[in-house]
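Throughout, read-outs are computed from the coordinates displayed, never taken from laboratory work. This structure is a prediction, so every number in the text was calculated from the model and none was measured. When we count neighbours, we look across all protein chains shown, and the Cβ atoms used for this are built from the backbone with ideal geometry, even at glycine.
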Amino acid sequence: SKERTIEQRRRFCPPELQTRATFPLQSSDTGQAMPRIQIDLPENFAFSTEITLYLSHMNYAGHLDNAALLAVVSETRARFFQSLGYTELDVEGLGIVIADAALQYRSEAFHGEVMVVQMTARDFGSKGCDLLWCMREKSSQREVARGKTGIVFYDYGARKASAVPENFRARATS
């Protein structure tokens, strides 16, 4: 069964790493709850894609590595732009740059699981917006992670930030 396979994968994790942290974490200095990032998601997403987790996505503890998670989100972002008829280097003649990224882990993910990653554009400013995303395991719908990536539209020829293309805003929010 799938549960047995996941349990077998967990056996590769050293015993000292098998305990799970509970949130909010406590500061060892003050005993106070440490502030955690909170990301609110929209009810609907404009885009969804499936990505299977490969062995190369796993870390030494046998679950999804944090750097690999961002690589999965990057692949989702590329597919999102492609679904709108763009590439990350050509959105109405402009490229994008990543201004910031934030994420929250919700559960572990393991080799062979299929992730459904949803993405949508929100919170438009004059030169960029946030791409909100949510990653769930396909068969159980277990939320694995959520986050947002801030993007800025960039004119690589002029080497400067540019206004959000109106056609992108219209396509991304319809």
In sequence order, calculated HN-Hα J values of the range 66-75 (Karplus, 6.51, -1.76, 1.60; Hz; x Gly/Pro): 5, 5, 5, 4, 5, 5, 5, 5, 4, 4
Residue-by-residue Karplus 3J(HN,Hα) for the range 84-91, coefficients 6.51, -1.76, 1.60, Hz, glycine and proline x: 8, x, 10, 10, 5, 9, 8, 10
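Largest first and in whole Å, what are the equivalent-ellipsoid semi-axes of the range 115-174 based on the Cα gyration tensor, each being the root of 5 times an eigenvalue? Mind showing how you got there, number by number?
Working: eigenvalues 166, 29, 15 Å².
One finds semi-axes of 29, 12, 9 Å for the range 115-174.
Tally Lys/Arg at +1 and Asp/Glu at -1 over every other residue whose Cβ is under 9 Å from the Cβ of Thr149; what's the total? Before the final figure, lay out the partial values.
Working: positive: Arg77, Lys148; negative: Asp100, Asp130.
Value of the local net charge: 0.
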Estimated inter-spin distance, Phe124 and Asp40, nm [label 7 Å along Cα→Cβ]: 2.1 nm
Under 5 Å, built H, 5+ apart or other chain: amide partners of Ser162: Phe153, Tyr154, Asp155
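When Rg is the radius of gyration of the Cα atoms in the range 65-174 and Rh is its Kirkwood radius, what does Rg/Rh come to? Don't skip to the end; give the middle numbers.
Working: Rg = 14.7 Å, Rh = 14.6 Å.
Here Rg/Rh amounts to 1.00.
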Pairwise label distance in nanometres, Ala161 with Asp100, each label 7 Å out on the Cα-Cβ vector: 1.1 nm
